[in-house]
Amino acid sequence: MVPYLVVFAASFVATFVTTPAVRRLSLRLGWIDPPSDRKVHPKPTPTAGGIAIFVGLAVGLGLSRVLPFLSGLHETTSDPDAALVAGLVILGVGLLDDTRGVSALGKLAGQILGAGLLVLFGVQLLYFYFPGQGILVLSPDLAVPLTVLWVVAMVNAVNLIDGLDGLAAGMVAIAAVAFFAYMYRTGGGADPSTAALISAVVAGSALGFLPWNFHPAKIFMGDSGAMLLGLMLGVATISGVGRNTNGPSRGDFAALAIPIAVPLLVLTVPFLDVLLAIIRRMRKGLGITHADKQHIHHHLLDIGHSHREAVLLMYVWSALISMCALAVAFINGRLVVGGIVVVAVTAAAVLPWLIRDRAPRASDPRRLARRNGRAARKAGRHAAAPVGSAKAPEAERHR
């Protein structure tokens, strides 16, 4: 555990220290994200925080080369090097989009290029455990497209949830910590794990960036940071579950959790947001890349939550789902696991309505219109009331 904590701390410190320098660079070069009708930030904010996140990732993975416990990984697998090379490509594509703008097709091409580089370096889904069928060995015809599809899905899932200050960084950190716990526990901690290593540096980099990105954000991670974190999670999950030749050994609930369900459950919120966005836009006849303000975090703002409350609620949801995923994987007992899931789902459903501030937000035009209408009618009654009457304003009665 100690070597993983060391690389986690190194990634955290490197990102935390580098982010202010990247912010100054963004201000000097004019890399600013202006407000718009589809964004919630009220003032121009520096972007391109992905540079600092990449530095943290590179420092953590570089340090792992000299730590005795982890150094052997670099001799037996190319996954860490593949992650950095593909991450550099994704970082470049994201920076172009953050600073100059890239078409949706161009961005997708860059994502596929990054995923293709991973495949060339040997990062592929080679095995898949299917309950009742055992270990399935994927042929190259299936392994390559499934790997590319998985990585692109992870990249876009994280990118789409980056709509509120601190949201993507916090949710990625929660997912990375949960997946680290899963990989460390299943591996017993006796042997080094590439998936655990990458999860640790991802968590460190995301948390190192979070203090500068939490509301009110001093800098945004931009597409460069969100897509980079998504790519790294994709590499971690492929390294951890796509090459696992051992089937589940703790009952039928574990069979559902291993290997692919755990990362899916850990990332339920962003994947659900992506699915709902695609369905919503297709029903309206819009392209699936068309931007809007109807993501889950926007709805939390609409029902009366402040910016910070919405972000913290989505943190809670991610943490609850992650704990359920780990419970499914490690607890052998239907009743216990079922009870945990029921409690978590109930808490996730009830919390948003219990703690919300019922004052309407700027992102809720219907509630604002009703409030403004009531205020206008009240003002009209005051104006029509005779001076000195019981209904006249205090200033009029005392004039």
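The values are calculated or read from the model by the stated rules, or taken from the named source; none is laboratory data. As the structure is a prediction and not an experimental result, all values here were calculated from the model. Note that each Cβ is placed from the backbone with ideal geometry, even for glycine, and that neighbours are counted across all protein chains shown.
A few points about this structure:
- Residue 79 vs. criteria over 14 Å from residue 201 (Cα atoms), of a type in the set (D, E, K, R), crowded, with 21+ Cβ neighbours inside 10 Å and at pLDDT below 95: no
- Condition check for residue 33: at pLDDT below 90 and farther than 29 Å from residue 199 by Cβ: no
- Residue in the stretch 189-206 that is surrounded by the fewest Cβ atoms within 10 Å (Cβ to Cβ), counting only those that are of a type outside the set (Gly, Ala, Ser) and part of a helix (DSSP H, G or I): 194
Listed here are the residues, each with its yes/no results for (1) surrounded by 24 or more Cβ atoms within 10 Å (Cβ to Cβ); (2) outside any helix (DSSP H, G or I); (3) in contact with a strand residue (DSSP E or B) (Cβ under 7 Å, 6 or more places away or on another chain).
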| position | (1), (2), (3) |
| --- | --- |
| 27 | no, no, yes |
| 53 | yes, no, no |
| 59 | no, no, no |
| 62 | no, no, no |
| 70 | no, no, no |
| 74 | no, no, no |
| 85 | no, no, no |
| 102 | no, yes, no |
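- Candidates in the stretch 134-167 are the residues that are touching a residue at least 12 places away in the same chain (Cβ under 8 Å) and among the polar types (S, T, N, Q); of these, the one that is farthest from residue 212 (Cα to Cα) is 147.
- Filter result for residue 158 (at pLDDT below 90, part of a loop (DSSP other than H, G, I, E, B) and either more than 23 Å from the chain's Cα centre (by Cα) or within 30 Å of residue 1 (Cβ to Cβ) (or both)): no
- Pairs meeting the criteria (first residue in the stretch 315-327 and without any contact (Cβ under 8 Å) to a residue 24 or more places away in the chain, second residue surrounded by 20 or more Cβ atoms within 10 Å (Cβ to Cβ), beta carbons under 6 Å, at least 6 apart or on different chains) are 327/337.
- Complete set of residues in the stretch 165-188 that are in a helix (DSSP H, G or I), more than 30 Å from residue 76 (Cα to Cα) and not small (Gly, Ala, Ser): 167, 171
- Residue that is modelled with the lowest pLDDT, among those in the stretch 173-223 that are among the hydroxyl-bearing types (Ser, Thr, Tyr) and within 20 Å of residue 84 (Cα to Cα): 193
- Among the residues here, residue 173 does not qualify as within 14 Å of residue 228 (Cα to Cα), in contact (Cβ under 8 Å) with a residue 60 or more places away in the chain and among the hydrophobic types (A, V, I, L, M, F, W, C).
- Matching residues in the stretch 149-165 - criterion: being of a type outside the set (S, T, N, Q) and either surrounded by 21 or more Cβ atoms within 10 Å (Cβ to Cβ) or more than 14 Å from residue 110 (Cα to Cα) (or both): 150, 151, 154, 155, 157, 158, 160, 161, 162, 163, 164, 165
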